[in-house]
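The block underneath contains the structure these notes are about, expressed in structure tokens.
The values are calculated or read from the model by the stated rules, or taken from the named source; none is laboratory data. Note that the structure is a prediction, hence the values are computed from the model and not measured. Don't worry about glycine lacking a Cβ; one is built from the backbone with ideal geometry, like all the others, and counts go over all protein chains shown. Just so you know, the surface numbers come from the protein's heavy atoms only, side chains and all, with ligands and any DNA or RNA stripped out. Shrake-Rupley method; radii C 1.70, N 1.55, O 1.52, S 1.80 Å.
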Amino acid sequence: MTTPNGFPLHSGAHVTRSMEGGAVQDLHAKKAGKAVKEAGGNGLLTFEDPTRVGTSLNEALKLLPGELKANMKIKSITPRPPRKPRLERAASLDEKSWRRWRRFRTSQESLTDPNETSSSNGSLREASLSPPVRGRASPWHQCCQQNSLHSSSVDASEASPVGKSRGGGSSELGKRASEISSAFGGLLRGKAFAGSKPRLAQILPARPLPPLELNVASHTLRTANKIDSDYVDYQHYSQHKFGRVSSSLSDTRLHGNGMVCDSCSTDSMKSTFSLLTPIRSKDVRSRSYLEGSLLASGALLGAEELSRYFPDRNIGIFVATWNMQGQKELPVNLDDFLLPTDPDYAQDMYVIGVQEGCPDRREWEIRLQETLGPHYVLLYSAAHGVLYMSVFIRRDLIWFCSEVEYATVTTRIVSQIKTKGALGICFTFFGTSFLFITSHFTSGDSKVNERKLDYNKTIQALTLPKNVPDTNPYRSSSNDVTTRFDEVFWFGDFNFRLNKDRETVDSILNQNPGTDVSRLLAYDQLTSEMSRGSIFKGFQEADIHFRPSYKFDIGKDSYDTTSKQRTPSYTDRVVYRSRYKDDIQAVKYSSCPVIKTSDHRPVFALFRVKVRPGRDNIPLAAGQFDRELYLIGIKRRITRELQKRREQKDQRSSSICSIS
């Protein structure tokens, strides 16, 4: 509801005075508090406490002279629509822009005034103590204008129009009524009193603020960027002990318990000292592993720790096989082999099996460590004659591995030269058991049955696991080692050939120089035997989209050009099986054509493998790795980088420009 002059009508009154001449004067007023007072005998009105506004007009009328109240009566009126704004009002600047400008200017003046050091509320109190001066704008009204309160600058005569008296006997009464109207209009215009320099009043919210959003932690926090739920009181402890906790401390479980930090980061978490997980002294005294509980709070291999490192409970595994043909010469660079450019990220685990390995096995492992760099450590390596296998893992994951075990099988009758056979390595990662087997089966185009015998002997004679318990003994078989593990990867030179002559195979390869090798796979011996179920029962193989990996001329991209004219074949393969459906997902399956030091091309596969939580009551590796190999590989890597920089510098300095 508004008054006719456009002001909001809050709790005012409409006053009608009947005088001797019949003149009617209307007085419209807002709540003005205890603002009017009769001073002396001249009837002038002043404002005693301009900061207290909010009392109704009826209290102000109690201060009027008796003869005025005798001739006045109060009645209610029907609200009328507001009048149109005056012409000069419409021609002025925009009201909101004007208020913003006034607020900004007043704030600048307050900040630049060296004498003004009190708060906004204090300045208002000082204004109320200053002597009242008529005709000046009050600081209270200026603050109301600057904070968009219900007030506006309106002419006093328009705010409270008062007519002239008809009779001379009521001139004194008319004079006092005019002064009352002028005083109330001055109050509305902000001219009732004056004070010190205006200050902005404190602005309080009109309603309670919305609750703080608790879910401020990223859902993909990994490794050192999380905090154990049993450290929920760490922030309070740090604040009490050190006076301040890092503003980046944040965790979903902490928020779930009602603990929220100031200025929490959504992407990282820190303790008071570092990015490592904070540990309390009493936890160091009391916490222990080997509890045997799958879901125990703080269990090393439990669900909580697994979710900390792998929120989706999937790890990346790189599996590769390569027949090195016994060559002493190693490739200059293994980056294209171990670190292909297609996936954006390196894998969590690297398992490399070699057949007919180089004479210096240690040098081969150093080269692997040098290529993978300081983020990876050699968890375990084993050999069976010239069969090598190396297992590298990210260095911050070695604590979640059980003891590593291995076993070997010789498939040749004459076992003095161990060139054919199998080598198996197994361990448990969290609660998932892994078995990796690399094999070299009997060679020869027509010896399919011999190769199947090699397979059967391997699954029966490979005695694993030994000390590490089976994660699911009810689904295991004593006749097949591959049934005693959750995830099994079998890779190597299986020596299965293409049942087609060389001319036909060359013709197909020339017609399809790309990745369409489906016509070749129709003649593949291994694919045919696996479809019959006579070998690798329960195993799968990813789709093949690369050219045959055997047999090449060393150092060239051409297949065998010797007098034997061997048929190109897919001898090097990677197959896998799982106890649980869809636990293993093949991401990539390819070869590495840039490595040409052997007549075989390396073949590798990338997998995403589901991992389950486990119990701590198993033999743990306790962070064991090959420290000596790690130091040698890192030193080699640094030396190689320094040499490369030196060569680049020498090349730039040797460039000479000659002008003839």
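The distance between label points at ASP480 and THR639 comes to 4.9 nm (points 7 Å beyond Cα on the Cα→Cβ vector). When each of the peptides 453-465, 333-345, 536-548 is scored by the mean number of other C-beta atoms lying within 10 Å of its residues, the order from highest to lowest reads 453-465, 536-548, 333-345. If you average the alpha carbon positions of the range 541-602 and of the range 382-422, how far apart do those two centres end up, in angstrom? When both Cα centres are located, 21 Å separates them. Within the assembled protein chains, the solvent-accessible surface assigned to VAL284 is about 100 Å², based on a 1.4 Å probe. Scoring 577-586, 613-622, 480-489 by mean Cβ neighbours within 10 Å over their residues and listing the highest first yields 480-489, 613-622, 577-586.
Ordered by packing density, taken as the mean number of other Cβ atoms within 10 Å over each peptide's residues, highest first, how do 426-433, 302-309 rank? Don't skip to the answer; put the middle values down first.
Details: 426-433: 24.8, 302-309: 18.9.
Highest-to-lowest ranking by the protection proxy: 426-433, 302-309.
What the range 303-637 shows is 41 Å² of accessible area per residue, with the surface traced by a 1.4 Å probe over protein heavy atoms. Near VAL404, once Lys and Arg are set to +1 and Asp and Glu to -1 for all other residues with Cβ below 14 Å from its Cβ, the sum equals -2. The modelled label-to-label distance for the pair GLU503/GLU450, using points 7 Å beyond Cα in the direction of Cβ, is 2.8 nm. Sorted largest first by accessible area at a 1.4 angstrom probe radius, with every protein chain in place, the residues SER528, SER653 fall in the order SER653, SER528. Where both residues lie in the range 303-637, what percent of DSSP beta bridges are antiparallel, nearest 5? In the range 303-637, approximately 80 percent of DSSP beta bridges are antiparallel ones.
Label-to-label distance, ALA522 versus ASP470, with points set 7 angstrom from Cα along the beta-carbon direction: 4.3 nm.
Magnitude of the Cβ-charge dipole of the range 454-525, K/R +1 and D/E -1, about the Cα centre, nearest 20 debye? Each step should come with its number before you reach the end.
Working: 8 positive and 11 negative charges, 45 e Å.
Rounded to the nearest 20 debye, it is 220 debye.
Treat every Asp and Glu Cβ in the range 303-637 as -1 and every Lys and Arg Cβ as +1, leave all other atoms uncharged, and give the resulting dipole magnitude about the Cα centre to the nearest 20 debye. Each step should come with its number before you reach the end.
Details: 44 positive and 43 negative charges, 125 e Å.
It works out to roughly 600 debye.
The separation of the range 459-518 from the range 334-374, counted between C-alpha centres, amounts to 21 Å.
With a cut-off of 19 Å, note down the residues of the range 571-606 whose backbone N falls inside the zone around a label point 7 Å from the Cα of ASN510 toward its beta carbon. Hits in the range 571-606 for ASN510 at 19 Å: none.
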